[in-house]
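So the structure is just underneath, and the comments pick up after that.
Every number in this text was worked out from the coordinates using simple rules, so none of it is lab data. Quick caveat: nothing in here was measured; it's all calculated off a predicted structure. Positions of Cβ are backbone-derived with ideal geometry, glycine not excepted, and every protein chain shown enters the neighbour counts.
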Amino acid sequence: METLPKITVITPSFNQGGYIEETIRSILDQAYPNLEYFIIDGGSTDNTVDVIKKYQDKITWWISEKDRGQTDALNKGFRKSTGSILCWINSDDVLAPGCLQHVASLFQASKCNLVSGPIEIFDNQKRWRYAPAYQPGESLQVAIGKDFYNQPGTFFNREALHRVGLLDERLHYVMDKEWWIRYLLYCGVESITVTDRILAYHRYHDTSKTIAQVDKFMTEYAQIIYAHCMQAHQVKLAQVLSLKYHVQSAAYSCNHSMENWHDAYGIQLVANLLVRRVCLPLSPKDYELARALVTVVPDEIYIADAGCAVKWQCLRDLGHSSSYMMYRWKAPLRALINCFKR
C-alpha cells in the first residue's frame with residue numbers, strides 16, 4: 001500500500017477565539033495519518049491561546065507572538081513546513097470532512113502541482129457554492145484574468161512552492177491572488193487538477209477582513225495589476241485603472257520576471273476588475289471611466305462573470321455616445337427597445 005503524502009496545513013490567527021476551535025477540529029477530525037499542522041498566532045488578546053492549548057498535544061507546532069500580519073505568519077509556517085503538499089486555512093474557516101484524504105489521492109493519481117476545488121461560503125443566513133479559480137479547458141489568459149481566487153480550496157505541492165516562492169510580505173489583503181498570478185505565469189494551467197468535491201467552508205462575518213476591509217482588498221489588488229501593467233509597458237491600461245483606484249507606480253513593484261507576461265493578461269485583469277465594479281446606470285465619473293475602458297479593451301474580451309459580461313455589452317455601447325447627457329438620454333430608450341425585442 002502506497003504511503004500517504006505528508007500534508008502541511010497552516011492556520012494563521014489573530015483574535016479569532018470565537019471561531020478557531022471549529023477550524024482546529026475540522027482539521028484534526030480529518031484523522032489524516034500523515035498530517036503536519038501549524039498554528040501561527042499573532043499575539044491574540046482574547047481566548048484564542050486557551051483554545052489552542054486545549055488541542056496542543058495534537059498540533060505539530062504552534063506559536064503566539066506579535067508579527068507583521070497574516071502574510072508574515074503564513075511564510076513562517078511555509079519555511080518550517082516539511083510536507084510534500086501544503087495549504088492554509090484561516091482561523092474562521094473550516095475544512096470539509098474527508099478533504100485531506102481526497103486531495104492526497106488526487107496528487108497521487110495525477111502527479112499535478114496544484115489541486116483546486118469548490119468551496120461553500122456561508123454566513124448566518126445562507127450558503128452558496130464558490131467555484132474553483134480554474135476550470136478545465138480555460139486558457140492561461142482567462143485563468144490569469146479572472147477577478148477571483150479560491151484560496152481555501154487550493155492545495156499545492158512543494159515543487160510549486162519552490163518555483164513560485166513565498167507570499168509577498170508587502171501585501172496584507174490579496175497576497176493569495178498575487179501568488180496565484182505568479183503560479184500561473186511560472187507553472188501554467190496544465191499542472192492543475194480540478195475536483196468537483198467541496199473542499200472547505202469559508203465564513204462571512206462582520207469582523208472578517210473580507211467583509212470589514214473590502215475597500216482595502218480592492219485597492220491593493222488594483223495596485224498589483226497597475227504595477228504589472230506599468231512594468232509590461234501597458235501604460236494606457238494602467239492609466240484607465242487609476243481612474244477608479246488611487247494607485248501609483250512607486251507604491252508597489254513586481255519582484256518576479258515579466259518575461260512570461262503577455263499584454264492580453266493585463267487587459268483581462270483590468271477589464272474583469274473594472275467591469276465588475278462599474279455600476280449601471282453610470283455616474284458622470286464612471287461614464288468617463290467606461291469610455292476610457294472601451295478604448296483600450298477589445299470587444300471580444302472574456303468577462304468571467306455572466307452578469308458582468310452582459311454589463312460589458314452595455315458599456316461597449318458607450319462608444320456611440322458623445323457625452324454623458326447623450327448617454328443618459330439613450331439609456332432608457334435602449335432599455336425600452338430591448339423590452340420589445342423580448
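Ranked for footprinting exposure by Cβ neighbours inside 10 Å, fewest first, Arg276, Arg197, Arg127 give Arg127, Arg197, Arg276. Once both labels are positioned 7 Å from their Cα atoms along Cα-to-Cβ, the gap between Ala309 and Arg129 label points is 1.8 nm. Projecting the Cα positions of Ala306, Leu318, Gln231 onto the charge dipole of the stretch 214-341 (unit charges on Cβ atoms of Lys, Arg, Asp and Glu, taken about the Cα centre) puts Leu318 furthest along the positive direction. Here the chain is assigned +1 on the Cβ of each Lys and Arg and -1 on the Cβ of each Asp and Glu. Its dipole about the Cα centre then comes out at about 920 debye.
Exposed loop sites here are GluC sites (Glu not before Pro) assigned a DSSP state other than H, G, I, E or B and surrounded by at most 10 other beta carbons within 10 Å; excluding them, the longest clear run of the chain is 66-189. When the Cα positions of Ile59, Ala31, Leu161 are compared along the charge dipole of the chain, Leu161 comes out farthest toward the positive end, with charges on each C-beta of Lys, Arg, Asp and Glu. Charges were assigned to the Cβ only: +1 to each Lys and Arg, -1 to each Asp and Glu. The resulting dipole of the stretch 214-341 about its Cα centre is roughly 560 debye. Among Ser84, Thr295, Tyr134, whose Cα sits farthest toward the positive end of the charge dipole of the chain (+1 at Cβ of Lys/Arg, -1 at Cβ of Asp/Glu, about the Cα centre)? Comparing the listed Cα positions along the dipole, Thr295 ranks first. For the stretch 2-107, the set of trypsin sites (Lys or Arg not before Pro) satisfying both a DSSP loop assignment and a count of at most 14 other C-beta atoms within 10 Å is given as Lys58, Lys66, Arg68. Remark: for residue pairs Lys6/Lys58; Lys244/Lys311; Lys76/Lys146; Lys6/Lys216; Lys80/Lys146; Lys146/Lys236, the C-alpha separation exceeds 27 Å in Lys76/Lys146; Lys6/Lys216; Lys80/Lys146. With K and R counted +1 and D and E -1, the other residues having a Cβ less than 15 Å from that of Gly77 yield a net charge of -1. Each of Ala109 and Gln56 was given a label point 7 Å from its Cα along the Cα-to-Cβ line. The distance between the two points is 4.0 nm. The relative contact order of the chain, computed from alpha carbon pairs under 8 Å that lie at least 6 residues apart in sequence, is 15 percent. The ranking of Leu280, Leu171, Leu315 from fewest to most other beta carbons within 10 Å of each one's beta carbon is Leu280, Leu171, Leu315.
Inter-label distance, His262 to Arg25: 4.8 nm, where each label sits 7 Å from its Cα along the C-beta direction.
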